[in-house]
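Contents: one structure, followed by commentary.
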Ligand code: MG
């Protein structure tokens, strides 16, 4: 009987013994990031949602590692994505601002060329790279994925609620809650070319998935060369859309439809890896850029047990439902240790057997020892920035808030002196201030914050320059 070896195995066999030894010592996993937009900590069944059904993500979590203390780098899109791709706090490279919290269609700037993205570092290490979906690190040609280490790009370069067409549909919030794709003039791009304006947003998740699956299938044809795929969904960022096959299907309404289509998309990606026998050679990370956009009520998600959502430095703004999957690399389990998208750069370089550049400061470390079940997370602390302001710091189980702000309700930032202190183990919902009982912890975190802020001078923000009219 003819054995049906995978392309990778066929490649190994073709190398002979010497080549095989060499290839094994050089084996680098394929790396995939599936990144959602504004997904809440409580939006998946496996993270406690009672009416959204996510069987494929739940299976992914059961087969891989479900992380319960994993943070996005920031609580809004642009800085969060900058942190994910560079491994550095946005305050270090100007990718945050108090005046304009994200990039807009009139923004003249983007991720500085001097930054090294994980795609650039992996390409240097021999990886093929592709970005599919939302970018939001600059839409002008010199800032697009193709200028930042990705061989190819397909997607919308900023948020799907930008480029509102004047006088089309109900104004403001009403248009967002009863959306039609024609209300937005957003561009759908391939590499640096605009394919169309106002694409049918009902098909975004489906089309991104088609592109991702086609890319994996194409890469399966060239075994021996690892790939890095960054699949960044536009959903469930308001306005939310699902395709016909998912519309009206979820018990959780329109928002549930959208998440269940993302769940389907995850299935397609993992199935494609399995079908091509790439599953044991690949590590997939699923997470989101920031918490749920709560003012949109049933069109925004849920942070579950956690306080507040998108835009805020309360836990609901930055703690994300996170899964690492990779049967050949990831020891299944539930991980309560701390991790962050800021650790992805170092983790992926570690998995690719590369060292992190030494010419700049990084704000993360490798989680690979946790993934393999052989060690612990290097992360003991987390800095929570709101724009350019350090609002909160976590050290171990304790989180201190210098300033709090409930986002999107017009509340001014509230400065706390003494700061608020919560024990996130006993009180993940941040309800019970224990500052008065823990003067030493308070002093230790204050000192940590001071050391951190004294250690560098933030550069000029990249988010404020506008294209001249
Ligand atoms: Mg977002």
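Quick note: the coordinates plus some simple rules give every number you see, no bench work behind them. This one's a predicted model, so the numbers in the text were calculated from it and none came from an experiment. Please note: Cβ atoms are built from the backbone with ideal geometry, for glycine as well, and neighbour counts cover all protein chains shown.
Summary table below
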item: Beta bridges per DSSP with both ends in the stretch 88-229, % antiparallel, nearest 5; result: 55
item: log₁₀ of I(q)/I(0) at q = 0.15, 0.23 Å⁻¹ - the stretch 128-210, Debye sum with one point per alpha carbon; result: -0.54, -1.06
item: Kirkwood hydrodynamic radius (C-alpha pairs) into Stokes-Einstein, the stretch 243-356, 37 °C and 0.692 mPa s, D in µm²/s; result: 201
item: Theoretical gain in end-to-end length, residue 443 to residue 217 [0.36 nm per residue, Cα-Cα removed]; result: 76.0 nm
item: Relative contact order for the chain, counting Cα pairs under 8 Å that sit 6 or more residues apart, in percent; result: 24
item: The stretch 383-454 - percent relative contact order, Cα under 8 Å, separation 6 or more; result: 22
item: Inter-label distance, nm, simple model (7 Å from Cα along the C-beta direction), residue 195/residue 142; result: 2.8
item: Length gained when the stretch residue 360-residue 210 is fully extended (0.36 nm per residue, less Cα-Cα span); result: 50.3 nm
item: Exposure proxy ranking, count of Cβ atoms within 10 Å, fewest first, for 177, 189; result: 177, 189
item: Global geometry of the stretch 28-380, whether rounded, prolate or oblate, following the gyration tensor of its Cα atoms and the 1.5 cut on a/c; result: rounded
item: For peptides 460-466, 436-442, 335-341, 79-85, sequence by mean Cβ density within 10 Å, most packed first; result: 79-85, 335-341, 460-466, 436-442
item: Cα-projected label distance for residue 436 with residue 469, points at 7 Å along beta-carbon direction, nm; result: 5.4
item: Cβ-derived FRET efficiency at R0 25 Å, residue 297 paired with residue 108, nearest 0.05; result: 0.15
item: Antiparallel bridge percentage (DSSP; both residues within the stretch 28-380; nearest 5); result: 35
